[in-house]
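Here the structure is laid out as structure tokens; the discussion comes afterwards.
The values are calculated or read from the model by the stated rules, or taken from the named source; none is laboratory data. Quick caveat: nothing in here was measured; it's all calculated off a predicted structure. Using ideal geometry, Cβ is built from the backbone for each residue, glycine included, and neighbour counts are taken over all protein chains shown.
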Amino acid sequence: MATHLGDYFDEFTHRDWQTLDPDAVDDPVRLAIVGLGWFTHNWALPGIQRSAFTEATVVTDVDADAVSDLAAEHDLTGVTPEELKSGAVVDQYDAVYVATPNATHLEYVESAAEQGKAVLCEKPMAATLERAERIVETCEDAGVPLMVGYRMQTDPAARRVKDLLEEGFVGDIVHVHANMSQHMLGELTGEADQWRLDPELSGGNALMDIGIYPINTTRFVLESDPHRVIGHTRSVHEPFSEVDEHAAFQLTFPDDVHALCTVSQNAQHHSRLEITGTEGQLVLDPAFYEREDRGVAVVRGGVEATIDFDQVHQLEEEFAYFGHHLLTGTDFYPDGRHALTDMCVLDALYESAETGSPVAVPDAGSHD
């Protein structure tokens, strides 16, 4: 291996993408936040505030009370969605963060693009592949940067796993196993009347909401895209009658590398990603939840070591990356074309679950 593990451990939380001195940034990227749900309150807004490269200036939501309360609490400008789209406060923000239900992402991205504002859109990018394609084309036509919120890609734990794979630490990669599960109605909300359970707003549930994590993280660390999928979904309990409650799927990558994944919105809280090769294994456990410290284990030659490292705030890292790349005029890695491949994979998985047959993943023109 070209990299010594000592060097690897010493640089574990190093931001390998950062070139700007955070202390030298006088004018951080000003963000308009669209969508003020629990994730924005608990994670996105704190991440924006912690980052030296971003600051929140404007907030909006269809819930007027949520807007007025958050605006007053954090001294922000609160507007209606219509006012934001009309450009009423366009001089108060440089970019737009969209964290609304999946089916409504497009309308806010379109207005941001019309105003010439950069966009950070939550994943999955849209409720359908067709709407996702329109999001990408809208931003490309307007010439505005589009990043999709894959926070695992800016987390040092996932980045160091990717580094070790590139160095050949596990030898030839043989297979990947990934799991993500939670009790959605207990952990996120107790309300069954919510957008994640509405197929028109969400586009699906277990696969769309959390299946995206093992799909995209595996693509990221392997630097490869699956070309064939097999998927199975099932729903048992009444709140999930219109969407998928549980899902199991297999992704086939080049060189016949298989990723076997299970996700559930109604099972014991857990997440894990393990990559096994001919010479060793790398494990993220816990892996995907922003509210848990990530764990990393390395296995090679009969020796297993757990890495103890300073944890980062995942959303601070994501927004720092977004703001930094806007300030430096550099390209995002998880851009719209990259995210469009995930939408093609999700679309193929739902088709496979419906037909019971393997489905080829179309080429989304990703330029990873």
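Details
- Residues within region 319-344 that are under 18 Å from ALA157 (Cα atoms), in contact with a helix residue (DSSP H, G or I) (Cβ under 6 Å, 6 or more places away or on another chain) and not in a helix (DSSP H, G or I), tallied: 1
- Here GLU290 qualifies as in the same structural domain as ASP172 (by TED's automatic domain parsing), modelled with pLDDT under 95 and either touching a Phe, Trp or Tyr at 6+ places or on another chain (Cβ under 9 Å) or under 30 Å from HIS227 (Cβ atoms) (or both).
- In region 278-293, residue nearest to the chain's Cα centre (by Cα) [restricted to those that are part of a strand (DSSP E or B) and buried (at least 19 other Cβ atoms within 10 Å of the Cβ)]: LEU284
- Unique match (being surrounded by fewer than 14 Cβ atoms within 10 Å (Cβ to Cβ), at pLDDT 95 or above, of a type in the set (Gly, Ala, Ser) and not assigned by TED's automatic domain parsing to the domain that holds LEU207) among GLY329, GLY365, GLY356: GLY329
- Every test in (1) touching a strand residue (DSSP E or B) at 6+ places or on another chain (Cβ under 9 Å); (2) within 23 Å of MET180 (Cβ to Cβ) is passed by GLN314 save one, and that test is (1).
- Within region 95-134, the residues that satisfy the criterion of being touching a residue at least 60 places away in the same chain (Cβ under 8 Å), among the charged types (D, E, K, R) and in contact with an Asp or Glu (Cβ under 9 Å, 6 or more places away or on another chain) are LYS117, LYS123.
- Looking only at region 158-191, and only at residues there that are small (Gly, Ala, Ser), at pLDDT 95 or above and not in a loop (DSSP other than H, G, I, E, B), the one that is surrounded by the fewest Cβ atoms within 10 Å (Cβ to Cβ): SER181
- Residue within region 306-318 that is part of a strand (DSSP E or B) and either out of contact with any Phe, Trp or Tyr (no Cβ under 6 Å at 6 or more places or on another chain) or not hydroxyl-bearing (Ser, Thr, Tyr) (or both) present: yes
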